[in-house]
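Worksheet: the structure to be examined is printed underneath.
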Amino acid sequence: PMCRAIDCAKSHRQSNAPSIEDARIRNSRTLRSTVWLIPLLAALTGAWLLVQNARSKGPEITLLMDNAEGIEVNTTAVKVLNVEVGRVVNIRLRDDQSGVEITARMNKDVAPLMRKDTQFWVVKPRIDQNGVTGLNTLLSGSYISFAPGSSQEEASTFTVSELPPISAMGQHGLRLKLVGHNSKMLSAGSPVMFENLTVGSVETAKFNPQTQNVEYSIFIQSPNDVLVKSNSQFWLDSGVSVRLDGGGVKIDSAPLPAILSGAIAFNTPTAAVGQKVQAAANNQEFTVFNDRAELENKPNERTLYYVVFFKNSVRGLEAGAPVEYRGMRIGTVAQVPYFQDGDSAKLFENGWVPVRLRLDPDSMER
């Protein structure tokens with residue numbers, strides 16, 4: 001009887017249990033189409049990013065330098081007005097091994113600034129006659145700065161200068177060329193003086209071995225450029241000049257920048273009554289003399305030369321000493337002693353010492 005009760009209970013539970021059917025698998029078309037959209041969407045997103053990147057990229061420019069000191073790939077910035085607008089992306093040696101070639105990627109918005117006369121230079125700590133500059137780069141590192149040009153012609157290759165240009169962005173003035181057979185050469189950055197006032201600076205200075213002349217490019221800032229006329233005279237001014245003559249001792253001291261590094265000084269002679277002197281033209285060429293004395297001793301169409309003979313000693317008499325008449329200066333001593341070919345022996349036999357004088361009628365007529 002007990003076994004029958006258990007069998008009855010089992011059969012009762014089996015009769016009440018839900019029936020189990022085989023599962024049927026059905027493919028979902030919606031899920032399959034959605035899976036294919038994922039790589040398509042990724043491809044479209046990648047293409048859009050590539051287009052946006054290409055559209056946002058600016059031009060690549062080539063910068064030529066003597067060496068890459070302080071320049072690092074992906075670190076050195078290119079700036080204008082202290083705003084970063086590019087970065088160095090590659091450095092390599094030039095094919096002719098004359099220096100390095102640097103590639104910089106610029107922002108798109110500065111592309112219109114890349115002109116033929118755009119000027120680039122390296123900003124780094126520097127001590128010169130203009131003072132101490134570039135101290136902020138001690139921590140941030142050197143960077144390349146530029147001043148946009150005004151040329152209508154575009155360019156992508158530029159030469160980088162070690163010194164910043166004198167005529168920086170926003171400055172106006174007059175650029176001149178000076179050539180002279182000078183015994184010394186000033187450096188770039190030396191001041192240009194007018195009446196002991198700094199009115200400009202030397203941009204470049206180089207020696208020409210063919211002509212053996214020193215060639216300068218100077219820049220006179222506006223409004224000081226009106227001081228330069230077509231008849232202006234230029235000379236080298238440096239140090240302290242001490243002159244002893246009939247008028248006593250004269251000490252002429254140049255300003256401190258000129259004493260430290262030398263300077264180029266100039267003046268403009270007063271025009272005669274009724275004579276109009278034109279203003280100097282941009283890039284006009286002038287002669288630069290060794291000093292003011294050499295300029296003053298330069299003869300003109302009215303200069304008169306005389307040879308005088310002394311039987312007494314001429315010790316202390318030097319070229320440049322004044323020639324006076326009743327206290328008025330009428331000329332200068334041109335050469336002591338003055339000998340022509342073949343006459344020195346005869347003159348010494350007679351005890352004569354020839355001295356050549358330079359007389360200026362202009363001085364007599366004042």
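The values are calculated or read from the model by the stated rules, or taken from the named source; none is laboratory data. Quantities reported herein were computed from a predicted structural model and do not represent experimental measurements. Cβ placement follows ideal geometry from the backbone for every residue including glycine, while neighbour counts extend to all protein chains displayed. Keep in mind that these areas ignore ligands, DNA and RNA; they rest on the heavy atoms of the full protein, side chains included. Shrake-Rupley method; radii C 1.70, N 1.55, O 1.52, S 1.80 Å.
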Quiz prompt | Per-region count, segment 145-173, residues modelled with pLDDT under 90 and either on the phi > 0 side of the Ramachandran plot or open to solvent by less than 40 Å² (accessible area, probe 1.4 Å) (or both) | solution = 10
Exercise. Could you list all residues from segment 174-198 that are closer than 19 Å to Ala281 by Cβ and open to solvent by 10 Å² or more (accessible area, probe 1.4 Å)?
Key: Leu174, Arg175, Lys177, Val179, Phe194
Practice problem: Determine, yes or no, whether Ala281 is in a loop (DSSP other than H, G, I, E, B) and modelled with pLDDT of 85 or more. | Solution: yes
Quiz item: Condition test on Val83, is it surrounded by fewer than 13 Cβ atoms within 10 Å (Cβ to Cβ), at pLDDT 85 or above and within 23 Å of Pro164 (Cβ to Cβ)?
Solution: yes
Exercise. Test Val89 against the criterion of being at pLDDT 80 or above and open to solvent by less than 40 Å² (accessible area, probe 1.4 Å), and give yes or no.
Key: no
Exercise. Hey, could you check segment 343-363 for residues that are acidic (Asp, Glu) and modelled with pLDDT under 75 and say which is least open to solvent (accessible area, probe 1.4 Å)?
Key: Asp343
Quiz item: Is there a residue in segment 289-299 that is open to solvent by 90 Å² or more (accessible area, probe 1.4 Å), under 24 Å from Ile330 (Cα atoms), part of a loop (DSSP other than H, G, I, E, B) and modelled with pLDDT under 85?
Solution: yes
Quiz item: Among the listed residues Leu178, Leu197, Leu186, which satisfies the condition of being of a type outside the set (Gly, Ala, Ser) and modelled with pLDDT of 90 or more?
Solution: Leu178
Quiz item: When you look at Asn267, is it open to solvent by less than 50 Å² (accessible area, probe 1.4 Å), within 33 Å of the chain's Cα centre (by Cα) and modelled with pLDDT of 80 or more, yes or no?
Solution: yes
Quiz item: Can you tell me how many residues in segment 308-335 are free of Cβ contacts under 8 Å to residues at least 40 places away in the same chain and hydrophobic (A, V, I, L, M, F, W, C)?
Solution: 7
